[in-house]
Amino acid sequence: MNTDAVLEILAAACLVAGSLMSLAAAIGMLRFPDLLSRMHAATKPQVFGLFLLLMGLALQLRSWAAVPVLILAWLFQLLTVPVSAHMVGRAGYRTKHLRKDTLSIDELDEVVRKAAEEENLPMPGESGSPNADEAEEFDTAAAEAELAAESAAQADLRRDADGAAPGR
Amino acid sequence: MTRTRIPLLKEIPLLVWLVIMWGALWQDYSAGNLIFGLAIALVVVNVFYLPPVELGGRLNVLAGLLFVVKFIGNVAVASFQVLWVAVAKGPRTKNAVLAVRLRSRSDLIVTATGHTISLIPGSLVVDVDRSTSTLYLHCLDIESPEGAERFRDQVLRIEEGLIRSIGSKEEMAIIRDGKLQAQQGGTR
């Protein structure tokens with residue numbers, strides 16, 4: 001067998017394995033119980049799947065000029081995937097779109113509760129919604145109100161979008 | 001809007017990166033193309049202002065390469081784990097939200113660690129406490145405190161790899177001290 005044939009087979013194997021990763025994502029989307037675990041399936045296997053697909057492409061094209069473009073494509077995927085996953089995950093957690101019964105350990109819950117207690121929760125904007133903390137159902141208004149209180153209570157828990165605060 | 005001017009020296013890594021990207025997108029690395037790319041990069045950097053990234057002032061290429069190889073290995077293994085969990089456990093999967101306190105205080109290291117751990121299947125960053133460099137991570141398929149401990153170790157190893165590659169001298173010292181203490185604790 002000459003090298004060409006070997007490379008062809010390798011490329012084909014990469015492409016098939018990469019597609020398999022997309023299949024994994026689809027299965028995960030179907031079978032995982034809640035938003036956050038589905039986020040794992042929706043975002044992660046593609047990182048490796050795309051890597052394999054691009055690898056297959058590189059083996060097929062066999063031109064050095066194409067390699068930097070493929071690396072760039074992967075890099076930008078790497079840069080954007082965690083951000084979207086984080087945004088959806090964070091919003092999902094804060095608006096309580098998650099099922100606590102799927103969690104064996106929840107260490108953020110304590111922090112959020114403590115911060116809420118410290119503030120004692122009469123919110124500046126809203127005069128009387130003391131039950132915001134107890135609203136377990138997906139009551140968007142209550143969730144949003146709590147979100148506001150939370151942000152006030154723990155401004156540091158947020159990443160400063162404007163990247164201020166020099167020297168840290 | 002007032003802005004502090006960034007010294008050119010600090011912008012050089014960004015400029016080099018933009019020029020390389022320009023060349024890669026055109027698939028043409030001739031001098032003329034790169035010089036034109038540099039001109040565009042200068043315009044972009046000056047018109048679309050971003051706060052400068054505070055680099056640690058160190059770069060260990062070897063550690064960086066090692067980190068990338070380990071990272072791809074991690075991603076590969078974890079991808080199959082997620083596939084397995086999806087197929088075998090599915091709706092019965094137990095997850096966890098864990099707080100992991102990082103040792104570094106630098107925004108760059110914390111961000112990069114969060115990014116890396118997010119890319120490795122089975123974990124995503126739910127929230128960040130910047131004042132204490134604590135990452136709150138949602139992790140797939142963690143059922144016991146032992147699993148949580150293993151996961152925490154993994155995050156700290158990633159942070160260590162990043163610090164070895166691009167961390168500052170102070171952060172390297174923290175890592176070394178930590179190692180020393182762990183050894184002493186082990187022999188005692």
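Given R0 = 41 Å, the distance between the Cβ atoms of B:Leu25 and B:Asp153 translates into a calculated FRET efficiency of 0.55. Residue-wise HN-Hα couplings along the range A:81-88, as the Karplus relation 6.51 cos²θ - 1.76 cosθ + 1.60 with θ = phi - 60° gives them from phi, are 4, x, 5, 5, 4, 5, 4, 5 Hz; Gly and Pro carry x.
Centroid-to-centroid, using Cα positions, the range A:31-97 and the range B:54-103 are 13 Å apart. Each Lys or Arg adds one and each Asp or Glu subtracts one; over the other residues with Cβ under 13 Å from the Cβ of B:Ile174, this totals +2. Amide hydrogen proximity for B:Ile142: with H placed 1.01 Å from N in the peptide plane, the residues at 5 or more positions away or on another chain lying under 5 Å are B:Lys94, B:Asn95, B:Ala96. Nearest 10 degrees is fine. How inclined is helix B:8-26 to the longest principal axis of chain B, computing both from alpha carbons? Once rounded, one gets 90 degrees.
Please arrange A:Phe76, B:Phe151 by counting, for each residue, the other beta carbons lying within 10 Å of its beta carbon, fewest first. The partial results should precede the final answer.
Details: A:Phe76 11, B:Phe151 21.
Listed from fewest to most nearby Cβ atoms, that is A:Phe76, B:Phe151.
Per-residue Cβ counts within 10 Å, from other chains only, averaged over B:97-105: what number is that? Display every interim value, and only then the final one.
Working: counts 13, 4, 6, 1, 0, 0, 0, 0, 1.
Going residue by residue through B:97-105 and averaging, the value is 3.
Mean projected area of the Cα convex hull of chain B, taken over all directions, amounts to 15.2 nm².
Annotation: the residues A:Met21, A:Met29, sorted from fewest to most other C-beta atoms within 10 Å of their own C-beta, follow the order A:Met29, A:Met21. 3J(HN,Hα) along the range A:14-30, derived from phi through the Karplus expression 6.51 cos²θ - 1.76 cosθ + 1.60 where θ = phi - 60°, amounts to 4, 5, 5, 5, x, 5, 4, 5, 5, 4, 4, 4, 5, 4, x, 4, 6 Hz, with x in place of Gly and Pro. Inter-chain Cβ neighbour count for A:70-80, averaged per residue, equals 2 (cutoff 10 Å, partner chain atoms only).
By the scheme Lys and Arg +1, Asp and Glu -1, what is the net charge of all other residues having a beta-carbon under 15 Å from that of A:Ile27? Present the calculation step by step, with values, prior to reporting the outcome.
On the way: positive: A:Arg31, A:Arg38, A:Lys44, B:Lys89, B:Arg92; negative: B:Asp141.
Spelling it out: positives minus negatives among the neighbours equals +4.
The ranking of A:His97, B:His115, A:His40 from fewest to most other beta carbons within 10 Å of each one's beta carbon is A:His97, B:His115, A:His40.
Any read-out appearing in this document is the output of simple, stated calculations on the displayed coordinates, not a laboratory observation. Owing to the predicted nature of the structure, the values given are computational and were not obtained by experimental measurement. Glycine also receives a Cβ, built like all others from the backbone with ideal geometry; neighbour counts cover every protein chain displayed.
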